[in-house]
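The next block holds one structure in the form of structure tokens; read it before the comments.
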Amino acid sequence: MVDFLAENNLCGQAILRIVSCGNAIIAELLRLSEFIPAVFRLKDRADQQKYGDIIFDFSYFKGPELCESKLESKPELQDLDEEFRENNIEIVTRFYLAFQSVHKYIVDLNRYLDDLNEGVYIQQTLETVLLNEDGKQLLCEALYLYGVMLLVIDQKIEGETRERMLVSYYRYSAARSSADSNMDDICKLLRSTGYSSQPGAKRPPNYPESYFQRVPINETFISMVIGRLRSDDIYNQVSAYPLPEHRSTALANQAAMLYVILYFEPSILHTHQAKMREIVDKYFPDNWVISIYMGITVNLADAWEPYKAAKTALNNTLDLSNVREQASRYATVRERVHAQVQQFLKEGYLREELVLDNIPRLLNCLRDGNVAIRWLMLHTADSACDPNNKRLRQIKDQILTDSRYNPKILFQLLLDTAQFEFILKEMFKQMLSEKQAKWEHYKKEGSERMMELADVFSGVKPLTRVEKNENLQAWFREISKQILSLNYDDSTAAGRKTVQLIQALEEVQEFHQLESNLQVCQFLADTRKFLHQMIRTINIKEEVLITMQIIGDLSFAWQLIDSFTAIMQESIRVSPSMVTKLRATFLKVLQIIPESMFTSLLKIIKLQTHDIIEVPTRLDKDKLRDYAQLGPRYEVAKLTHAISIFTEGILMMKTTLVGIIKVDPKQLLEDGIRKELVKRVAFALHRGLIFNPRAKPSELMPKLKELGATMDGFHRSFEYIQDYVNIYGLKIWQEEVSRIINYNVEQECNNFLRTKIQDWQSMYQSTHIPIPKFTPVDESVTFIGRLCREILRITDPKMTCHIDQLNTWYDMKTHQEVTSSRLFSEIQNTLGTFGLNGLDRLLCFMIVKELQNFLSMFQKIILRDRTVQETLKTLMNAVSPLKSIVANSNKIYFSAIAKTQKIWTAYLEAIMKVGQMQILRQQIANELNYSCRFDSKHLAAALENLNKALLADIEAHYQDPSLPYPKEDNTLLYEITAYLEAAGIHNPLNKIYITTKRLPYFPVVNFLFLIAQLPKLQYNKNLARRYQKCLLMLWAPFCFWRIMFDTQSYPGGLLKHMCLISFLMSSEQSCNFDFCFFNERIILKSSHHY
């Protein structure tokens, strides 16, 4: 008969694919449950007020037209709805696809069952598939996984949240109009059940059976699956647990499946007392808390409370006398097993010979230990006991008392059992790998001993008092041949033959009276020993490893282990050597290692920085004692040794399976170190960059210096410790610090984006090594926003004056220096290149926002004001043509200025903001370029040359289109731009921030603004600068703004502006304007030749 799972067996392959999809769907649901957008829960009052009118549950389907008309009647709601759609459609679509997969799964399973009944699969029916071992397992799993999906969805994704996401998908997705859409069926399946996972929440009536029956399933199939689970050991687990007291543990996985599947036929739970009694007697005679899937636990005393038959059947198990008996029994087992395990773990006790001779005894010890740990962890777990249920609380108290429960003792047993199991596995793996080589070695040694004895009895080889005996000589030669003829591949025959050879050697020693010759007896004893070793070696089977893997499964405690984390961490903190006992059992506790490591590192850095004096190159011997400092150096050595012990323990670990999850402790240690580094650095950045806006002088420079010292301490500590913990310290430092800064920049820039980047979309955020988020302390979301706004505050053009030649800002009242280019050097020292780049990127977003505001303002106060437009038209007519001299210019200009006086305040404010940010961007570019040339001159030179070469090729292409040019899918220009900006090899004034249409009257408005503001400025020869009389305008920001905005607008705008300025030469006040014109022209010229 063809194997059921063979590739050419369509029946087996079909159900195998369904079950595989089921496991993948559950994994996706568990993964998605960690990324539910908080807004869909509508827990916060702010979310309710903001989004309550655009997020709907299934009540939307009662009158969708009414809901949509309400939105359409309010433009602000429409805009909010569109923004919400852009931000959430991707994650909502992913949730919908997961929900759709659940519905498709049960549809596919029903179709498969129909095909079986209709004879689509030749010679296969539901009965024949259930008779096959693989088929039986897969059919049971298929139904069980569907039930788990429904339970996981209801536990992890609340009903109202599901409904809101489904309605949002329906409203925002075009898929609702497609003919093959099964949206209605999905909504019917996953509508809210009323269940809540919150503690103390009341269970809905007929839950979960009514939920499970929303999609009908073949009743015969359900009945037959339950029948198989009731009667069979479908996974053959009893072979791994042969003792009768371990039966419930052996069938634990099957019991979990039966628990879930019984909800598909609730009549058994309600009325079939005989069946329920049979189920309880077989699966739950001594346990009532079960794990149904990867640590999701259920207390049957609570779960079966509404079902009469199930409750009655379980009463015997929950009887206090039985509870007391089970708790006492497992307390005794725990004490006995712990003593045995500690004996086995003594140094040198577990030798190869002892292990091979005592395999059953060792496995029984492992079984007893793991069964006791499982029972005690499950039945004492807080998650399995509802504190509001008096009966459950009473049962738990009884267990805690009678089992003499002590979490620390259970933790120690857990540690020791894991260590014992690990050592045993490693020994068996080693013996398996060497099995054939050792067997051949023993065979060769035994054969050679027999040949040597044959030579002794030949009379040729001299041996004391051994007479020649041809019969014994021939017999020993024959025995030697028989030993050599043993076949490793036929272990059964070889084993029987080896036993016969041992008996023959014992008989020859007795019958031929060879005991009197000690040398001959020794040869015979050695040969028998080798033959015994061959038997032991041939009996080393991989089945023992498989049994140990089954026994040591701790997937039931995937979530329960969290309750032991504090105990484990405290034990490791007190005794670092404890980490050498850690296995995959305690992966979650490994986080204490990085925490302890960083605590020690801070002490080491403090000692090295403040206590230990650096030894000079030359030192007089009489001063050697002063520099020895034995106390502090001993303390550093002691701390370093403690850290190295952590690494030693982790390096001893191996890659392990926890359930079906493969884990590598070494990678987890590195991830833990990264996580701790991220947590500490992120907190330092958050706490170190909080400013008081009223402080005078600004706290900016002192806080940057203080934060720089903190960051330098982290950096130095990583450099010092990397060899002791076997990590690439500098690599981890650069990767994680850059990730923290870039993530915070990304979150800050979200304020300027309509379609925001969510955490799950961010390339910088990680679920394994999450970057913490802190509550904002002001209008900024993150530390980078606070830093940027503090810089903008202290360099405000209304309060300070920027001297371009000195790269310095001065207070316009006191003429004292406020800050200078040293500020950006300090940021570079504190936050590195990543920080300066992030600051530059944030300023770009701010400039875009300000330019958009400026365009809106220009439209509002100029293009929509008829008076202003008439004035501008009159002025343009008066000065046309542009190449001629304007007659009576004073009257024309000042008349236009007077009529437009009301627009200049808002115009000035917009200009100053953008100009100020452009100056800051130039300073950042200068600092980045200087730093790159100083720290990495080869990179700077390479980037400059590559940039020039690319520009030359592009210019050549425009002169001759036949020459090559980067194609649209070529990312070279995009990638090189990122490098150039990071190295400061760019001019912010030439950057295009926004694209605009040609603005009417823009050159003449700028011209009027210029001559309206010029009288407010005067030149100071001593300071070589201009300062304001009425603190309304600063010259440098205006010039930088003019250059930048002309880059955004059309090419002719700048020319018209310059022509209009040239008219000032015909004015009576040309002497007053001459310097200003010269100043702007110089800046314009330097910009366009940059």
Per-residue HN-Hα couplings for the stretch 361-377, Karplus 6.51 cos²θ - 1.76 cosθ + 1.60 at θ = phi - 60°, whole Hz, x for Gly and Pro? 5, 5, 5, 5, 5, 4, 4, 4, x, 5, 5, 5, 4, 4, 5, 5, 5
Given bins 10 angstrom wide, list per bin the percent of all Cα-Cα distances in the stretch 1-59, short to long. 19, 23, 20, 16, 12, 8, 1
Expressed as a fraction of 2.2 N^0.38 Å, the rule-of-thumb size for a compact globular protein of N residues, what is the C-alpha radius of gyration of the stretch 683-729? 1.57
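Please give the peptides 334-346, 861-873 ranked by average Cβ packing (other Cβ atoms within 10 Å per residue), highest first, as a rough proxy for protection. The partial results should precede the final answer.
Details: 334-346: 16.3, 861-873: 14.7.
Descending mean neighbour count gives 334-346, 861-873.
So what's the convex hull volume per residue for the Cα atoms of the stretch 967-1018, in Å³?
Working: hull volume 6.8 nm³, N = 52.
So the per-residue hull volume is 131 Å³.
For the stretch 879-965, state the average projected area of the convex hull of the C-alpha atoms over all orientations, rounded to one decimal in nm². Intermediate values should be presented prior to the final figure.
Values: hull surface 45.5 nm².
For the stretch 879-965, the mean projected area of the Cα convex hull comes to 11.4 nm².
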Would you kindly find the accessible area of Ser101, with a 1.4 Å probe and non-protein molecules such as ligands, DNA and RNA excluded, rounding to the nearest 10 Å²? 50
Among [x] 197; [y] 314; [z] 406, which is the computed volume of the Cα convex hull per residue in Å³? [y]
Could you please put Tyr724, Tyr235, Tyr979 in sequence from largest to smallest accessible area, using a 1.4 Å probe? Tyr979, Tyr724, Tyr235
Protection-proxy order for peptides 67-75, 402-410, each taking the mean of Cβ atoms within 10 Å per residue, highest first: 402-410, 67-75
Which one, Ala381, Asn358, Val371, projects farthest toward the positive side of the charge dipole computed for the stretch 356-404 from Cβ point charges (K/R +1, D/E -1)? Ala381
Would you list which lysines come within 18 Å of Lys937, measuring only between C-alpha atoms, while excluding same-chain residues fewer than 8 positions from it? Lys948
Computed over the Cα atoms, what is the radius of gyration of the stretch 330-420 divided by 2.2 N^0.38 Å, N being its residue count? 1.30
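From largest accessible area down, sort Val615, Val678; use a 1.4 Å probe on the protein chains. Intermediate values should be presented prior to the final figure.
On the way: Val615 75, Val678 0 Å².
Putting Val615, Val678 in descending order of accessible area: Val615, Val678.
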Any idea of the accessible area per residue across the stretch 835-994, 1.4 Å probe, to the nearest Å²? 55
Nearest-10 value in Å² for the accessible area of Lys638, using the 1.4 Å probe: 120
What is the magnitude of the charge dipole of the stretch 400-495 about its Cα centre, with +1 placed on the Cβ of each Lys and Arg, -1 on the Cβ of each Asp and Glu, and no other charges, expressed in debye to the nearest 20? 160
Leaving out same-chain residues fewer than 8 places away, which lysines sit with a Cα under 27 Å from that of Lys468? Lys443, Lys444, Lys481, Lys529
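Quick one: putting +1 on the C-beta of Lys and Arg, -1 on the C-beta of Asp and Glu, what dipole do you get for the chain around its Cα centre, in Debye to the nearest 20? Don't skip to the answer; put the middle values down first.
On the way: 129 positive and 129 negative charges, 862 e Å.
Dipole of the chain, to the nearest 20 debye: 4140 debye.
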Would you mind checking the radius of gyration and Dmax of the stretch 811-919 based on alpha-carbon positions, in Å? 20.6, 59
In Å², nearest 10: area of Glu353 left accessible to a 1.4 Å probe: 90
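Could you please state how large a percent of the accessible area of the chain is carbon and sulfur, counting protein chains only and using a 1.4 Å probe? Intermediate values should be presented prior to the final figure.
Details: 27810 of 54010 Å².
C and S atoms contribute 51 percent here.
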For the cross-link pairs Lys282/Lys429; Lys773/Lys991; Lys74/Lys756; Lys104/Lys202; Lys756/Lys991, which exceed 26 Å when the distance is taken from alpha carbon to alpha carbon? Lys282/Lys429; Lys773/Lys991; Lys104/Lys202
May I ask for the Rg/Rh ratio of the stretch 54-148, computed from Cα atoms with Rh as the Kirkwood radius, given to two decimals? 1.28
How far is the Cα center of the stretch 955-1018 from the Cα center of the stretch 258-331, in Å? 74
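How big is the dipole moment of the stretch 110-255 about its Cα centre under a simple scheme where the beta carbon of each Lys and Arg is +1, that of each Asp and Glu is -1, and everything else is neutral? Debye, nearest 20, please.
720
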Of Ser173, His103, Gly159, which is farthest on the positive side of the dipole of the stretch 71-207, counting Cα position, with +1 on Lys and Arg Cβ, -1 on Asp and Glu Cβ, and the Cα centre as origin? Gly159
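Using a probe radius of 1.4 Å on heavy atoms only, what accessible surface per residue do you get for the stretch 279-340? Whole Å² is fine. Could you put the intermediate results ahead of the total?
Details: 2170 Å² over 62 residues.
The answer is 35 Å² per residue.
For Arg921, Arg754, what's the largest-to-smallest order of accessible area, 1.4 Å probe? List each step's numbers first, then the result.
On the way: Arg921 0, Arg754 95 Å².
These residues rank, largest area first, as Arg754, Arg921.
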Calculate, for Lys408 and Leu972, the FRET efficiency according to 1/(1 + (r/R0)^6) with r their C-beta to C-beta distance and R0 56 Å; round to the nearest 0.05. 0.35
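Using mean Cβ contacts within 10 Å as the protection proxy, how do 985-995, 155-165 order, highest first?
Details: 985-995: 16.1, 155-165: 20.0.
Listed from highest to lowest mean packing, they are 155-165, 985-995.
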Furthest towards positive pole of dipole, Leu318, Ser596, Asn692, structure part the chain, Cβ charges: Asn692
Two decimals is fine: what is log10 I(q)/I(0) at q = 0.16, 0.22, 0.26 Å⁻¹ for the stretch 220-299, from a Debye sum with one equal scatterer on every Cα and no solvent? -0.59, -1.12, -1.46
Qualifying aspartates and glutamates (Cα of each under 20 Å from Cα of Lys696; at least 8 residues distant if same chain): Glu706, Asp778, Glu790, Asp796, Asp811, Glu817, Glu826
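The values are calculated or read from the model by the stated rules, or taken from the named source; none is laboratory data. What you see is a predicted model, and the numbers here were worked out from it, not measured in a lab. Cβ sites come from the backbone with ideal geometry, for glycine too, and all protein chains shown count toward neighbours. Just so you know, the surface numbers come from the protein's heavy atoms only, side chains and all, with ligands and any DNA or RNA stripped out. Shrake-Rupley method; radii C 1.70, N 1.55, O 1.52, S 1.80 Å.
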